Amino acid sequence: MADYYLWIKSFHLVAVIAWMCGLLYLPRIFAYHADVEFGSDTDKIFQKMERRLLRIIMNPAMIVTYILGFMLVSIFGMKALGMWFHIKLTLVLLMTLLHGLMARWRKGFVVGNNTHSNKFYRIMNEIPAVIMIAIVILVIVKP
């Protein structure tokens, strides 16, 4: 599998980028959706956008990110990777938790039970960006 390391790494990065796009965009959609009346035509459009973004882009990208990430780890082994990797993995798990929360929030919009304001979603929109910056620094600098 080591012969394919650069291919695996390249597709892993593509999957991460797709996943991050969704994690950055979905809360922004939620922010706009939070001000829309439940059951309106605009509500239905936002629900459709959110469902498609989550199911067609974010979920598959997250799954591919994990599969290829585990393949990369198997090439080197966990012991060969430093503390930077364990911190990065913790941050990836945090992003996965955030992904799950976004899926839950989407379901709240579906049943007309959104309990958060647009300000909340705007703040939540920044968290994946901060996590992404930390992960990139960890991967490149390997402190």
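The values are calculated or read from the model by the stated rules, or taken from the named source; none is laboratory data. No experiment lies behind these values; they were computed from the predicted model shown. Positions of Cβ are generated from backbone atoms using ideal geometry, with glycine treated the same way; all protein chains shown enter the neighbour counts.
For residues in segment 112-132 being touching a residue at least 40 places away in the same chain (Cβ under 8 Å) and outside any helix (DSSP H, G or I), which is farthest from L97 (Cα to Cα)? Filtering first and then ranking leaves G112.
Mind listing whichever residues of segment 73-86 are in a helix (DSSP H, G or I) and more than 19 Å from the chain's Cα centre (by Cα)? Residues satisfying the conditions are V73, S74, I75, F76, M78, K79, A80, M83, W84. Screening the candidates I63, I133 for the property of being under 11 Å from the mean Cα position of the chain (by Cα) and under 19 Å from L13 (Cβ atoms) yields one hit, I63. Going by the structure shown, is L89 modelled with pLDDT under 95, of a type outside the set (D, E, K, R) and assigned to a helix (DSSP H, G or I)? Judged against the criteria, L89 is a match. The set of residues from segment 32-85 being under 18 Å from S117 (Cα atoms) and of a type in the set (A, V, I, L, M) comprises A34, V36.
Annotation for segment 70-86: at least one member residue is polar (S, T, N, Q), at pLDDT below 95 and over 15 Å from V36 (Cα atoms). Scanning segment 60-87 for residues that are loosely packed, with under 15 Cβ neighbours inside 10 Å and of a type in the set (G, A, S) returns S74, G77, A80, G82. Contact map, segment 60-71: first residue touching a residue at least 60 places away in the same chain (Cβ under 8 Å), second residue among the aliphatic types (A, V, I, L, M) and assigned to a helix (DSSP H, G or I), Cβ cut-off under 7 Å, separation 6 or more or different chains; pairs are L68/I8; L68/A15; M71/I8.
Inside segment 7-59, residues that are outside any helix (DSSP H, G or I), of a type outside the set (A, V, I, L, M) and without any contact (Cβ under 8 Å) to a residue 40 or more places away in the chain make up a count of 2. Taking segment 112-143 as the range and being under 12 Å from M95 (Cβ atoms) and of a type in the set (S, T, Y) as the test, no residue passes. With respect to the conditions (1) farther than 24 Å from K88 by Cα; (2) hydrophobic (A, V, I, L, M, F, W, C); (3) under 18 Å from the mean Cα position of the chain (by Cα), I45 lacks only one, and its number is (3).
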